[in-house]
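Worksheet for the structure shown next.
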Amino acid sequence: MPHVSGRLQLTLLMCGYAALLPFRAESAAAELRQPADFLESPVVVRGAPATRLPQNSNPIAQPDGASTLEGIAVDIDVLANDSDPDGDSLLVSSATQGSNGSVTVAPDGRTLTYTPAPGFSGTDEFDYTIDDGAGGSATARVTVQVQSDNSPPEANDDVTVTSEDSPVTTNVVGNDTDPDGDPLDVTFCSGAEKGTVSVTGSSSCTYAPAADYNGPDGYDYGVSDGRGGEDTARVSVTVSAANDPPVAVSDAASTSEDTPVTTNVIQNDTDADGDGLSVTACSGAENGSVSRASATSCTFTPAADYSGPASYGYTVSDGKGGSDAGTVSVTVGGANDPPVAVSDAASTPEDAAVTTVVTANDSDRDGDALTVTSCGNASHGTVTRSGTTNCTYSPAANYNGPDSYTYAVGDGKGGSDNATVSVTVVPVNDPPETRIDTPVAPLTTIQVGQTVAFAGTASDPDGSGTLASYSWNFGGGATSSTKQDPGPVTFRTPGLFTVVFNVLDERNVGDPTPDTRQIQVIQPPPPTNTPPQARIDTPAAGITRIQV
């Protein structure tokens with residue numbers, strides 16, 4: 001029959017003792033032939049009388065540590081540093097699993113076997129619980145260091161070159177090696193002093209030099225084989241000089257309406273390389289036009305009569321292929337725009353004045369009210385200013401034909417302009433004019449039967465020189481005459497007679513105020529008898545002496 005060994009726990013009911021009191025048997029023996037005997041056969045325990053023991057104390061579990069290589073299990077005697085105040089024998093009752101490995105309890109009850117997960121290296125932990133067989137237990141933690149059997153990679157320094165202001169990406173793992181043939185990944189890129197560096201993908205670093213910097217620089221990087229193996233190396237960078245384009249800084253200018261302004265547009269522009277700058281183009285003007293005035297300047301001309309904001313662009317070059325564009329903002333201040341006087345035309349009949357509103361067709365861009373400041377002279381008439389907007393033209397007497405005069409208009413703000421008024425004097429028929437030349441006196445007195453000599457002059461203001469007929473009306477004192485100069489006329493009837501001299505022109509128009517004379521015809525006085533007078537003609541002497 002095979003021998004069976006093990007721990008037997010009995011619960012005894014003893015007369016005269018309270019249950020659950022611990023006791024220790026001095027000796028005991030049992031013969032177990034098979035498991036059934038253990039489970040079903042009664043057990044007889046012989047011993048000394050039971051002695052009441054003190055209450056059991058929990059065992060003390062101390063933390064443990066162990067190390068192993070990647071993929072290799074390790075046995076850990078966790079009870080080696082554990083103890084029990086009562087001196088009880090200790091056994092491991094349970095253990096948790098590690099985060100990166102498995103844990104089993106060995107049959108001896110004191111050894112734990114930790115098996116790391118495939119490919120794991122690093123630190124793992126798990127807990128175990130011990131039992132003193134008397135109801136006491138304790139728990140402690142086991143820390144396992146799983147050392148990799150991986151060979152670390154070897155990172156080798158790199159060298160790269162880039163141009164000023166140009167980033168460069170370097171495959172830094174291209175010359176790195178790993179004894180195990182593991183693929184390598186970049187873990188960091190850092191340490192650049194004259195620029196910035198960052199990881200690009202799994203195998204590269206991208207370096208960007210600081211603005212406008214050229215010269216040496218470098219940075220560090222790290223590689224990993226994914227199995228805990230790491231190494232670092234350095235990349236030396238040479239930043240070669242390159243032309244830096246100029247920087248155009250926007251400008252501002254101001255001018256008055258209708259006034260060009262020239263601006264030195266490059267005075268505030270810069271070039272990192274200190275190159276001399278020049279203007280290559282001036283263009284894109286708004287509300288005006290712009291032209292290149294010199295190697296440093298642009299001239300802006302605002303649109304006619306425009307005031308307000310304007311702008312244009314320019315291009316500056318460093319002569320080495322670098323250029324930049326800038327903007328010039330222009331403020332065009334308002335100015336008084338003079339009025340625009342537009343010539344006028346007028347017509348009037350001969351000898352009739354005409355008034356023209358000369359400002360009716362004039363204009364002012366600023367909307368200012370316009371007034372006539374002067375009306376100039378005319379060649380064939382007179383001109384006067386009538387009101388604030390009018391000029392009155394009076395043609396010379398009997399003149400007809402073209403004439404003109406100028407006038408000036410003002411906006412009240414210093415602006416003025418001149419224009420011309422063309423006048424057409426339309427001819428009208430002027431009646432002829434008559435004048436009695438003889439007799440000269442307004443009243444002539446004669447006696448019945450006497451004669452008076454008449455003569456007259458007639459003219460036509462129109463200058464045609466054609467008089468259709470003449471007429472002398474003697475008021476009934478004598479027969480009318482159609483001659484210009486009727487000559488002596490005999491008045492045979494006493495009375496006061498008005499003599500009228502008139503003519504008709506080719507339009508049968510006569511003098512509306514013909515010239516007149518008055519003739520007073522009177523009877524002659526009766527004859528008076530004058531006695532005869534005798535006169536001795538011979539001898540003439542008063543006394544004549546004779547001889548006898």
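Since every read-out is calculated from the coordinates, none of them should be taken as a lab result. Every value quoted in this text rests on a predicted model; they were computed, and no experiment measured them. Glycine gets a Cβ as well: all are built from the backbone with ideal geometry, and neighbour counts include every protein chain shown.
Grab the other residues whose beta carbon is less than 12 angstrom from that of Gly101, score K and R as +1, D and E as -1, and report the net.
Numbers: positive: none; negative: Glu70, Asp124, Glu125.
Net charge in that neighbourhood comes out at -3.
Quick one: dipole size for the chain, taken about the Cα centre, charges +1 on Lys/Arg Cβ and -1 on Asp/Glu Cβ, in debye to the nearest 20.
Numbers: 22 positive and 70 negative charges, 1093 e Å.
My answer is approximately 5240 debye.
Answer rounded, prolate or oblate for the stretch 251-333, using the Cα gyration tensor with square roots of eigenvalues a ≥ b ≥ c: rounded when a/c is under 1.5, else prolate when a/b is larger than b/c, else oblate. Provide the component values of the computation, followed by the final result.
On the way: a/c = 2.70, a/b = 2.47, b/c = 1.09.
Prolate.
Counting only the backbone N, which residues of the stretch 219-234 are under 18 Å from the spot 7 Å out from the Cα of Ala117 toward its beta-carbon?
226-229
Based on alpha-carbon centroids, what's the gap between the stretch 469-548 and the stretch 55-72 in Å, whole number please?
For the stretch 469-548 versus the stretch 55-72, the Cα centre distance is 185 Å.
Using just the helices of the chain, give the 222 nm mean residue ellipticity in deg cm²/dmol: DSSP H runs with n ≥ 4 each add -39,500 (n - 2.57), and the total is spread over all residues, rounded to 500.
Values: 1 runs with 6 residues, N = 548.
Mean residue ellipticity, 222 nm, calculated: 0 deg cm²/dmol.
Using the number of other C-beta atoms within 10 angstrom as an exposure proxy, rank Arg141, Arg545 with the fewest first. Mind showing how you got there, number by number?
Numbers: Arg141 14, Arg545 5.
Fewest-to-most Cβ neighbours within 10 Å comes out as Arg545, Arg141.
Could you quote the convex hull projected area for the stretch 315-446, Cα atoms only and averaged over all directions, in nm²? Working shown, then result.
Working: hull surface 63.1 nm².
Its average projected convex-hull area is 15.8 nm².
So, counting K/R as plus one and D/E as minus one, what does the shell of residues with Cβ under 11 Å around Glu350 add up to?
-3
Select from Cys205, Ala248, Ala534 the residue farthest towards the positive end of the dipole of the chain; place +1 on Cβ of Lys and Arg, -1 on Cβ of Asp and Glu, and compute about the Cα centre.
The Cα lying farthest towards the positive end belongs to Ala534.
For the chain, what's the relative contact order in percent, using C-alpha pairs closer than 8 Å and at least 6 residues apart?
Working: 1318 pairs, mean separation 36.4, N = 548.
Across the chain, relative contact order equals 7 percent.
Considering only the other residues whose Cβ falls under 12 Å of the Cβ of Gly412, what net charge follows from Lys and Arg at +1 and Asp and Glu at -1? Walk me through the numbers on the way to the answer.
Numbers: positive: Lys413; negative: Asp364, Asp366, Asp368, Asp411.
Its environment carries a net charge of -3.
Could you list Tyr312, Tyr405 in order of exposure, starting from the residue whose Cβ has the fewest other Cβ atoms within 10 Å?
Values: Tyr312 25, Tyr405 21.
Ranked by crowding around the Cβ, least crowded first: Tyr405, Tyr312.
Once fully extended, how much extra length lies between Thr513 and Arg545, figured as 0.36 nm per residue of separation less the alpha-carbon to alpha-carbon distance?
On the way: separation 32, 0.36 × 32 = 11.52 nm, distance 7.72 nm.
Full extension from Thr513 to Arg545 adds 3.8 nm.
Among Leu467, Val489, Pro427, whose Cα lies farthest out toward the positive end of the dipole of the stretch 408-509, if unit charges sit on the beta carbon of Lys, Arg (+1) and Asp, Glu (-1)?
Val489
Of all DSSP beta bridges located in the stretch 311-431, what percent are antiparallel, nearest 5? Intermediate results must be reported in sequence, preceding the final value.
Details: 32 of 38 bridges.
Antiparallel: roughly 85 percent of the beta bridges in the stretch 311-431.
Can you compute 3J(HN,Hα) from phi for each residue in the stretch 214-226, using the Karplus curve 6.51 cos²θ - 1.76 cosθ + 1.60 with θ = phi - 60°, rounded to whole Hz and x for Gly and Pro?
Result, rounded to whole Hz: 9, x, x, 7, x, 7, 9, 9, x, 10, 9, 8, x.
Rounded to the nearest 0.05, what FRET efficiency do Thr388 and Ala252 give with R0 = 41 Å and r taken as the Cβ-Cβ distance? Could you check? Provide the component values of the computation, followed by the final result.
Details: r = 43 Å, r/R0 = 1.05.
E between Thr388 and Ala252, to the nearest 0.05, is 0.40.
Taking H as built 1.01 Å from N, whose amide H comes closer than 5 Å to the amide H of Thr111, not counting residues under 5 places away?
Result for Thr111 returns Ala106.
Indicate, rounded to the nearest 5 percent, the antiparallel portion of the DSSP beta bridges found entirely in the chain. Before the final figure, lay out the partial values.
Details: 126 of 155 bridges.
Just about 80 percent of them are antiparallel.
Work out the FRET efficiency for Thr139 and Val161 from their Cβ-Cβ distance, taking R0 = 60 Å, and round it to the nearest 0.05. Write down the numbers at each step before the final one.
Details: r = 63 Å, r/R0 = 1.04.
FRET efficiency, Thr139 to Val161: 0.45.
Could you tell me how far the Cα centroid of the stretch 220-243 sits from the Cα centroid of the stretch 160-188, in Å?
After rounding, the separation between the Cα centres reads 6 Å.
Assigning unit charges at the beta carbon (Lys, Arg +1; Asp, Glu -1) and nothing else, what dipole magnitude in debye, to the nearest 20, does the stretch 64-147 show about its Cα centre?
Values: 2 positive and 14 negative charges, 67 e Å.
For this selection, approximately 320 debye.
Restricting things to alpha carbons, tell me how big the chain is in terms of Rg and Dmax, in Å.
Over the chain's Cα set, Rg and Dmax evaluate to 73.8, 271 Å.
What residues qualify as long-range amide H neighbours of Thr123, i.e. H under 5 Å apart, gap of 5 or more or another chain, H built at 1.01 Å from N?
Val146
Between Asp273 and Glu193, how high is the FRET efficiency from 1/(1 + (r/R0)^6) when r is the Cβ-Cβ distance and R₀ = 30 Å? Nearest 0.05. Show your work: numbers first, answer last.
On the way: r = 22 Å, r/R0 = 0.74.
Calculated transfer efficiency: 0.85.
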